[in-house]
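For reference, the structure discussed in these notes is given below.
The values are calculated or read from the model by the stated rules, or taken from the named source; none is laboratory data. Here the structure is a predicted model, which means the values were calculated and not measured. Note: accessible area is taken over every heavy atom of the protein model, side chains too, but ligands, DNA and RNA are not part of it. Shrake-Rupley method; radii C 1.70, N 1.55, O 1.52, S 1.80 Å.
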Amino acid sequence: MAKSIKIGILGLGTVGTGVVKLLEQNGDIIAQKLGQPLKISHILVRDLNRKRDIDVDPNLLTTDPEKIFSDPETNIIVEVMGGVGAAKEYILKSLKRGKSVVTANKDLLALHGKELFNASETHGVDLLFEASVGGGIPIIHPLKECLAGNRIRKVMGIVNGTTNYILTKMTREGRSFSDVLEEAKSLGYAEADPTSDIEGDDAARKMAILASIAFGTRITYHDVYRQGISNLTVEDINYANDLGYAVKLLGIAREDEDGIEVRVHPAFVPLKHPLAAVSDVFNAVFVEGDAVGETMFYGRGAGSMPTASAVVGDIIEAARNFQHHDRGRITCTCFYDKPIKPMGAVVTKYYLRLIVKDEPGVLASIAGVFGEREVSLASVVQERALNSSAAELVLITHHVREQNLQDALKILADLPVVKQIASVVRVEGGED
Ligand code: NAP
Ligand code: HSE
């Protein structure tokens with residue numbers, strides 16, 4: 001068989017280990033498909049003596065990145081070390097030296113995508129990143145290639161496995177957020193510091209990447225509105241179920257005549273919507289295009305082998321492009337500079353739970369505030385006495401402007417009859 005194509009891997013953690021295993025496990029069929037074998041030439045790590053879950057030839061391991069960049073025979077670099085400092089420096093160095101790069105690094109792309117894609121274009125090499133969103137789920141290539149003939153109207157997804165696991169357990173077992181979070185940590189789903197998952201930052205990075213591709217305009221992590229799941233209660237989840245909804249941490253990116261909106265927040269999703277059935281650590285991305293209509297991509301959004309599946313797919317593509325002297329074939333597709341809508345201009349429906357004084361005229365005064373701010377109520381779905389002096393009101397609005405709702409809530413909070421605005425959750429996935 002022909003000479004091998006050599007790969008340098010930066011990082012041998014969860015994803016790096018999966019990539020090494022998969023290249024070994026399926027090396028024969030990959031070589032068949034490519035007509036040439038792939039061979040790992042170097043693996044960059046921080047600590048040469050760390051005990052690892054995999055047996056690798058110690059001669060491949062190095063702590064010196066320059067050894068990899070200066071090897072003229074290594075043509076593809078796989079960045080699976082994470083972080084935005086050294087990873088950015090190493091990717092830029094690799095591109096500059098004419099090496100194609102495969103990365104899983106959403107943190108880096110959601111902040112510095114433009115600079116990295118400009119560099120890959122300048123140097124005529126590939127920068128591939130399928131694993132950066134949805135782990136093993138193919139979504140970047142479908143958006144960039146298979147759906148390229150569509151105008152994408154909306155991308156909506158469950159793109160964080162940790163939070164989906166927590167919400168699934170809260171729903172099925174009626175357990176509190178903090179209780180399930182501890183379990184998610186002990187199972188290794190959530191990080192020791194799970195802030196980025198539970199506060200929506202991880203999902204926001206993934207939505208920035210998806211929205212940039214879907215709408216052809218550069219969206220960064222800072223452009224994404226985000227709200228996490230730590231304030232959700234089992235009580236609200238139970239109300240959602242009674243009303244025919246599942247509660248999910250959703251990423252939503254939509255374009256209309258006023259611009260682009262990109263947001264991550266908990267949402268009530270109708271039980272009949274396909275995203276409502278996505279449970280545990282699974283992820284799914286729902287895409288609406290003008291030609292294809294509705295389509296959904298589902299699978300494991302994280303983990304060693306699922307993520308390695310996406311990385312190795314990209315390595316094979318980079319190797320094919322190298323063989324055919326056709327690197328840099330699909331460049332950055334952010335051709336436009338579209339406005340991003342402020343959150344106040346977003347229009348959606350809301351679920352509200354209010355604790356109010358249990359006395360005559362309360363509902364009328366609350367309805368009056370909503371009316372003044374043009375917040376139209378679809379229904380008062382529950383009115384329950386909590387004790388002799390307090391009652392709970394559960395309301396669902398029609399589609400309203402976020403700013404109008406926030407203004408109304410500010411007035412309500414000062415109303416003597418309102419004891420507490422207990423919950424405000426957006427309702428998504430029904431009729432727009
Ligand atoms: P990880 O388990 O923490 O592994 C990181 C690896 O990179 C380790 O082997 C570490 O070396 C090495 N490393 C880190 N900084 C380094 C530096 N400055 N110089 C040399 N080596 C360095 O991370 P991971 O979970 O595999 O994630 C890797 C990337 O994939 C991240 O961008 C992440 O966001 C992305 N991703 C992960 C998943 C997932 O399920 N884990 C899914 C999708 C995308 P030592 O081993 O010596 O410490
Ligand atoms: N922490 C992420 C999640 C996995 O829970 O989905 C890596 O993207």
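Compute the angle between helix 201-215 and the longest alpha-carbon principal axis of the chain, please, reported from 0 to 90 degrees and rounded to the nearest 10. It is inclined by approximately 80 degrees.
Per-residue ellipticity at 222 nm computed for the chain from its helices equals -10500 deg cm²/dmol, with DSSP H segments shorter than 4 residues left out and the rest contributing -39,500 (n - 2.57). Relative to the longest principal axis of the Cα atoms of the chain, the long axis of helix 161-173 makes an angle of roughly 40 degrees.
In segment 215-277, the portion of solvent-accessible area held by carbon and sulfur atoms comes to 47 percent [1.4 Å probe, whole percent, DNA, RNA and ligands not counted]. Each 10 Å bin from zero up to the one holding the largest Cα-Cα distance in segment 17-119 carries the following percent of pairs: 13, 43, 36, 9. The Kirkwood radius of segment 151-299, taken over pairs of alpha-carbon atoms, gives through the Stokes-Einstein law at 25 °C and 0.890 mPa s a diffusion coefficient of 158 µm² s⁻¹. Remark on segment 325-389: hydrodynamic radius 16.9 angstrom, per the Kirkwood mean of 1/r across alpha carbon pairs. The 3J(HN,Hα) values that the Karplus relation (6.51, -1.76, 1.60; θ = phi - 60°) gives for segment 49-56 are, in residue order, 9, 4, 6, 10, 7, 9, 8, 10 Hz. Gly and Pro appear as x. Once the convex hull of all Cα atoms in the chain is built, its volume per residue stands at 146 Å³. Restricting the calculation to alpha carbons of segment 354-432 gives Rg and Dmax of 12.5, 40 angstrom.
Note on segment 266-353: the C-alpha convex hull projects to 10.0 nm² when averaged across all orientations. The convex hull built on the alpha-carbon positions of segment 287-432 has an orientation-averaged projected area of 14.4 nm².
Couplings 3J(HN,Hα) for segment 234-240, derived from phi with the Karplus relation 6.51 cos²θ - 1.76 cosθ + 1.60 (θ = phi - 60°), are 4, 4, 5, 5, 5, 4, 4 Hz, where x marks Gly and Pro.
Note on segment 129-238: the C-alpha convex hull projects to 7.9 nm² when averaged across all orientations.
Within the assembled protein chains, the solvent-accessible surface assigned to Tyr239 is about 20 Å², based on a 1.4 Å probe.
Along segment 134-144 the Karplus relation, 6.51 cos²θ - 1.76 cosθ + 1.60 evaluated at θ = phi - 60°, assigns HN-Hα couplings of x, x, x, 6, x, 9, 5, 4, x, 5, 6 Hz to successive residues, with x for each Gly and Pro.
Taking every DSSP beta bridge that has both ends in the chain, the antiparallel portion is near 70%.
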